[in-house]
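Okay, so here's the structure we're looking at.
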Amino acid sequence: METAFAVIAALSGLILGSFATCAGHRLAHGGSVTSPARSYCPACDHTLSWRENLPLIGYLLQGGRCRFCHARIPARYPLAELTLGLYCLAAAQVFGPGPAWPFHWLIAALFGTLLLTLSLIDLESYLLPDILTLPGAALALVASSFLPPVHTLGIGWRQALIGAALGGGGLWFVSELYRRLRGREGLGLGDAKLLLLVGALLGPLAIPLTLVGGALFALPFGLVAAVRTAREDAAVADTDDDELNGTGLLAAIPFGPFLCAAAALSLLYGPQLLRLWLGIG
């Protein structure tokens, strides 16, 4: 039973990952998730056959290129599919067969898909659309209110409201304070709405885990982006060091994907991570 469910969970994750890559690309470019109904090559609009659309396998069979126009398929597509497949497999181990287990695994898989879709959109457009974050937060509140408590899910409506207020309201306050002090945007309101969703699903303790985890995940990418920007500025601008000072540190990277990754880990392993952070055996 457990082995069969693990296989089904992993395959379901690959399929959901394929959907997330399609939805993420379309929404990032102002398209519709439902129209056209069939997936297509973004370079030539060629409608994909069922073989070409197989998660992971289709990418490998085509050698990472569109069979029709030979344009390169971005590596993020198979990587996203594989990531969600592994996530759903891990969720099957965490919320595996037991009392009311199908509902908890389904909620974990659904929110994993939502987090992946939001990450892909943010990577392409630097936006976390309200059309996903706000309904996601409402659904998280409903799930927290009615699911029986198992691991990190089913926290109850009171904890969900506190988590939503801390996540959404707290990050909004920090963002607004930064804007007033520095005169420019730091964190976008999309990040605050994302943490509104995370808090409603996982409660207040998940907010510091998500923020700290997201910051740690983002740190190496931010440093690389800052160094690259500084080098590009130095290469194209005939100016002295004083004029270039600090420009690389203003390099923008989307924070949403890192928050989503940390939130997914909090959903799966939040209590263990919290004990590790606090040094509790």
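Remarks
- Contacts under 9 angstrom Cβ, first residue in the stretch 131-160 being at negative phi, partner among the charged types (D, E, K, R) and in a helix (DSSP H, G or I), 6 or more apart: Thr133/Lys193; Leu134/Lys193; Gly136/Lys193; Ala137/Lys193
- Sole exception among (1) at pLDDT 95 or above; (2) among the small types (Gly, Ala, Ser); (3) assigned to a loop (DSSP other than H, G, I, E, B) for Ala90, by number: (3)
- Qualifying residues in the stretch 32-86 (those that are open to solvent by 60 Å² or more (accessible area, probe 1.4 Å), outside any helix (DSSP H, G or I) and among the β-branched types (Val, Ile, Thr)) - the one nearest to Pro257 (Cα to Cα): Thr34
- Given (1) modelled with pLDDT of 90 or more; (2) polar (S, T, N, Q); (3) in a loop (DSSP other than H, G, I, E, B), number of the condition Ser12 does not satisfy: (3)
- Among the residues making up the stretch 140-163, those that are open to solvent by less than 60 Å² (accessible area, probe 1.4 Å), in contact with a Ser or Thr (Cβ under 9 Å, 6 or more places away or on another chain) and assigned to a helix (DSSP H, G or I) are Ala160, Gly163.
- Complete set of residues in the stretch 164-186 that are in a helix (DSSP H, G or I) and not hydrophobic (A, V, I, L, M, F, W, C): Gly167, Gly168, Gly169, Gly170, Ser175, Glu176, Tyr178, Arg179, Arg180, Arg182
The values are calculated or read from the model by the stated rules, or taken from the named source; none is laboratory data. Since the structure is predicted, the reported quantities are computational estimates derived from the model, not experimental observations. Note: ideal-geometry Cβ built from the backbone for every residue, glycine included; neighbour counts use all protein chains shown. Side chains included, ligands, DNA and RNA excluded: accessible areas come from the protein's heavy atoms. Shrake-Rupley method; radii C 1.70, N 1.55, O 1.52, S 1.80 Å.
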